[in-house]
Amino acid sequence: MTDLTARQRGITSLLVFDLVNEPFDPQLVELFEGLDDRHFDGLLPVVPVCQGIPEGLDEREDLNGLLRLMMYPKRDAPVQASAMIYLAHELFDAPWGSEEARWDKVTDTLLHQMVHFAIQVDALGGAHPFEEHHGEHFTAECNRIAERAGWGPVRESAEDVSPNLDSAGWPDNAIERGTG
């Protein structure tokens, strides 16, 4: 179960757009807000969403997207952080068959990155330690959303987990196996 109090505490330590140095896409920020309302009860701070992943950030687990959370500790003050979500150019450039299919893939990728963000916000709020990649807390949040949406569950990433059950492939693999 999501600790909404921790999520709210985590939000109070974030600087939302204050430290943005890159151009963001207003249409993607609007999509973020809609997904936040639908899947996170509007509890996430709105962050910039950009098309393209900057050079030098290529070492990542998910080739389609990246959450970048930067911490700014201050002596005798709460930690402050800035966050940005980057979506790979390939999501927008690849031939998906239709514009609707393209936006479905963009939406799924953004939702995946938003789960990473929600888990980091919860960690900032003290709900659990910070977590990298597709661990216990990430998987629990994916399954919380999937249950509400009527999608199939996923498992924490591990070598023995098949790709169609691995949270690294969420939400695409959960939607495909879902009932809703």
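Every number here is computed from the coordinates shown, using simple stated rules; none is lab data. What you are looking at is a predicted structure, and each value in this text was computed from that prediction instead of being measured. We place every Cβ from the backbone using ideal geometry, glycine too, and count neighbours over all the protein chains shown.
When the Cα positions of Val106, Phe130, Gly169 are compared along the charge dipole of region 73-171, Phe130 comes out farthest toward the positive end, with charges on each C-beta of Lys, Arg, Asp and Glu. Amide H contacts of Gly52: Leu87, Ala88, His89, each under 5 Å away and 5 or more positions distant or on a separate chain (H built 1.01 Å from N in the peptide plane; Pro and chain starts excluded). Rounded, prolate or oblate: pick one for region 118-179, where a ≥ b ≥ c are the square roots of the eigenvalues of its C-alpha gyration tensor, a/c under 1.5 means rounded, and failing that, prolate if a/b is larger than b/c, else oblate. In terms of gyration-tensor shape, oblate.
Taking the square roots of 5 times each eigenvalue of the Cα gyration tensor of region 44-154, largest first, gives ellipsoid semi-axes of 26, 19, 11 Å.
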